[in-house]
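K.L.:
Supplied in structure tokens, the structure appears directly below.
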Amino acid sequence: MHTVLQQLVNGLSLGSIYALLALGYTMVYGIIKLINFAHGDIYMLGAFWGYYVINQWHFSFWPALLSAMVFCALAGVIIEYLAYRPLRNSPRIAALITAIGVSFLLENGMSYLFSSNVRNFPQAMHVKSYNFFGAKVSNIQILILVVSIVLMILLQLIIRRTKMGKAMRAVSVDPDAAQLIGINIDRTISFTFALGSALAGAAGVMIGLYYNSIDPLMGMTPGIKAFVAAVLGGIGLIPGAALGGFVIGILETATQALGFSAFKDAVVYVVLIIILLVRPAGILGKNIKEKV
């Protein structure tokens with residue numbers, strides 16, 4: 001029982017990171033029907049920004065987290081403006097290939113500028129452990145879970161209660177009609193990229209603190225797993241992305257607990273295949289019939 005509880009705690013902590021990343025995927029897809037494969041590398045940029053400001057400018061954790069969110073939001077807007085906006089009316093495959101190219105550019109650019117060596121992330125917070133019904137829970141795990149939930153709630157409030165959130169929902173339903181009633185499509189899409197990238201930046205700083213190591217290729221595998229989480233929950237659905245992230249995190253830690261650590265990544269992709277075969281719309285998604 002203690003082992004199950006311990007793996008549940010570990011799974012929720014890891015799942016929180018996947019959920020934050022999956023939200024970025026699902027928001028961008030909901031707005032412009034693009035799978036932004038460079039999103040995992042925005043998460044990597046956030047981790048490196050946190051590493052830099054804590055080491056060089058002696059930021060504490062909270063200023064590092066907030067500044068990483070701002071930095072990644074700007075990076076997301078710039079990438080959208082330079083790479084995706086010119087291809088908005090092009091075939092989807094062109095934008096998809098561009099997203100993969102941007103991902104490789106960020107990874108190899110960071111490797112060239114800062115080397116591909118693994119760096120130890122500075123411990124901006126003293127680690128404490130608590131005993132919770134026999135399971136060891138660190139203050140960093142609690143922090144990751146709480147911060148992630150707060151960010152998800154804030155995102156939901158922005159989408160449901162703000163003018164820009166209403167514009168995002170309108171553009172996701174019908175961009176042409178939204179433009180006719182005066183909504184600025186470019187600004188709305190840029191805002192969506194900024195929101196998703198800010199969440200990825202926060203995830204990058206927190207995972208650096210959690211694992212105590214970062215490298216330029218760290219965003220590749222978590223990015224793909226977050227995409228699987230978004231598909232699992234229902235691509236384009238914010239609650240689905242959050243649910244999918246937690247499910248993938250728990251599934252991965254359960255696989256490790258059973259002694260199959262070498263297959264923890266494979267299990268995630270098996271889940272993707274199964275969900276596409278059994279329920280392509282995802283757990284919370286609805287099958288929509290298209291008229292031809």
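The values are calculated or read from the model by the stated rules, or taken from the named source; none is laboratory data. Remember, it's a predicted structure, so these values are computed and weren't measured experimentally. Ideal geometry is used to build each Cβ from the backbone, glycine not excepted, and the neighbour counts take in all protein chains shown. Note: accessible area is taken over every heavy atom of the protein model, side chains too, but ligands, DNA and RNA are not part of it. Shrake-Rupley method; radii C 1.70, N 1.55, O 1.52, S 1.80 Å.
K.L.:
Of these, G76, G101, which one is within 16 Å of the chain's Cα centre (by Cα), within 21 Å of S190 (Cα to Cα), surrounded by 13 or more Cβ atoms within 10 Å (Cβ to Cβ) and among the small types (G, A, S)?
P.N.:
It is G76.
K.L.:
Something else: Within region 57-82, how many residues turn out to be modelled with pLDDT of 95 or more and more than 21 Å from A203 (Cβ to Cβ)?
P.N.:
The number of residues fulfilling the criteria is 2.
K.L.:
May I ask you to list the residues in region 108-156 that are touching a strand residue (DSSP E or B) at 6+ places or on another chain (Cβ under 9 Å) and either open to solvent by 80 Å² or more (accessible area, probe 1.4 Å) or assigned to a helix (DSSP H, G or I) (or both)?
P.N.:
Selection gives V118, N120, K128, S129, Y130, N131, K136, N139, I142.
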